[in-house]
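J.: Take this structure first; my questions come after.
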Amino acid sequence: MKFRFLIIALLAIPTLASAQKVQPERDWTNAVLWQQYSGEYRALAFQAYNFARLSLKEALWENQNGKPNCVIVDADETIIDNSRFQGYEIQHGVSYVPADWTAWTAKAMADTVPGALSFLKFAASKNVETFYVTNRDEADRKGTIENLKKLGFPYVDEAHVLTKSTTSDKQERRNKVLEKYNVLLLCGDNLSDFSNVFYREGKDTKEQVDAHQNLFGTKFIVLPNPMYGDWEKLLYKEGKFTEQEKAKQRLEKLKSY
């Protein structure tokens, strides 16, 4: 009998070890599933772009300075949905592999974020141009332009798609657009898509959001993205960490009672 229990215990060891294995990429499973399957995600995206349309109409009534009008939009998780890429990474046991991302953008397979296409087509009907200010690399440019054209987005050309060259800081690219255009509103899933004040100036992010609350839904249109973004950086201590170490820090950051 004792021998039988010993055999059962030994057989259970691999199972227990597997159960205890840290899989940090799994932390994002619910976030990806929520974006892919929930009606709430679609509702929030439509809500954002409904506000964008109303705000654009209002802005067009205001006196302008003679410059042509435009809107600035981010690409990923703002007008195109990359949750399938995130799902691929999770299923392959990784959090993010740059080579996988390059392969994904080259496929030009990202779908639209709900409401994005109709809003930008509406803007185009009012002679409002669109600038796509994205932190995709120059290496992603060809696939990005192909993807946007395939989906039918307006003003998709070399002049209107501004990818990352030397820095992920978008302010220089925004300033370049401001030199020649009235920027009526900006759309993004990350506060850095609107201003550097939220993350890049060392200020308290929540305090800055409160200070600029009147701009959200009017000048700044925010899209939901639970999968990644600058917000995650606030969870980690300074320094470089493995994915397992980051997972541990995320757990420690949870508020509880």
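J.: Tell me which residues, restricted to segment 131-174, are hydrophobic (A, V, I, L, M, F, W, C) and part of a helix (DSSP H, G or I).
T.: Listed by number, the residues that qualify are Ala139, Ile145, Leu148, Leu151.
J.: Please state which of the following conditions Lys126 fails to meet, knowing it meets all the rest: (1) closer than 19 Å to Lys219 by Cβ; (2) touching a strand residue (DSSP E or B) at 6+ places or on another chain (Cβ under 7 Å); (3) surrounded by fewer than 17 Cβ atoms within 10 Å (Cβ to Cβ).
T.: For Lys126, the failing item is (2).
J.: Another question, then. If I go through segment 111-130 residue by residue, how many of them are part of a helix (DSSP H, G or I) and in contact (Cβ under 8 Å) with a residue 12 or more places away in the chain?
T.: Adding up the residues that qualify gives 9.
J.: Continuing with this model, one more query. What pairs can you find where one residue is in segment 231-257 and in a helix (DSSP H, G or I), the other is open to solvent by 90 Å² or more (accessible area, probe 1.4 Å), and their Cβ atoms are less than 6 Å apart, with a gap of 6+ or different chains?
T.: Every condition considered, the pairs that remain are Leu235/Lys253.
One line per residue, one yes/no per condition, for (1) more than 12 Å from Asn135 (Cα to Cα); (2) in contact (Cβ under 8 Å) with a residue 24 or more places away in the chain:
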position: Ser165; (1), (2): no, yes
position: Ser168; (1), (2): no, yes
position: Leu178; (1), (2): yes, no
position: Tyr181; (1), (2): yes, yes
position: Cys187; (1), (2): yes, yes
position: Asp193; (1), (2): no, yes
position: Val197; (1), (2): yes, no
position: Glu201; (1), (2): yes, no
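J.: I need a count of the residues in segment 90-111 that are open to solvent by 10 Å² or more (accessible area, probe 1.4 Å) and closer than 16 Å to Tyr228 by Cβ.
T.: Residues flagged as open to solvent by 10 Å² or more (accessible area, probe 1.4 Å) and closer than 16 Å to Tyr228 by Cβ within segment 90-111 amount to 9.
To keep it simple, each residue is scored yes or no on (1) open to solvent by 30 Å² or more (accessible area, probe 1.4 Å); (2) part of a strand (DSSP E or B); (3) not hydroxyl-bearing (Ser, Thr, Tyr).
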{"site": "Lys176", "(1), (2), (3)": "yes, no, yes"}
{"site": "Lys180", "(1), (2), (3)": "yes, no, yes"}
{"site": "Cys187", "(1), (2), (3)": "no, yes, yes"}
{"site": "Val197", "(1), (2), (3)": "no, no, yes"}
{"site": "Gly202", "(1), (2), (3)": "yes, no, yes"}
{"site": "Glu207", "(1), (2), (3)": "yes, no, yes"}
{"site": "Asp210", "(1), (2), (3)": "yes, no, yes"}
{"site": "Pro224", "(1), (2), (3)": "no, no, yes"}
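J.: So, in segment 176-223, exactly how many residues are charged (D, E, K, R) and within 16 Å of Leu162 (Cβ to Cβ)?
T.: Total meeting the criteria: 4.
J.: Output the residue which, of all residues in segment 139-163 that are more than 18 Å from the chain's Cα centre (by Cα) and over 21 Å from Ser83 (Cα atoms), is most open to solvent (accessible area, probe 1.4 Å).
T.: Looking at the filtered set, the residue picked out is Glu158.
J.: Look through segment 57-89, keep the residues that are in a helix (DSSP H, G or I) and buried (at least 20 other Cβ atoms within 10 Å of the Cβ), and return whichever of them is nearest to the chain's Cα centre (by Cα).
T.: Ser83
The values are calculated or read from the model by the stated rules, or taken from the named source; none is laboratory data. These numbers were taken from a predicted model, which means no experiment stands behind them. Glycine gets a Cβ as well: all are built from the backbone with ideal geometry, and neighbour counts include every protein chain shown. Only protein heavy atoms, including side chains, enter the accessible area calculation; ligands, DNA and RNA are left aside. Shrake-Rupley method; radii C 1.70, N 1.55, O 1.52, S 1.80 Å.
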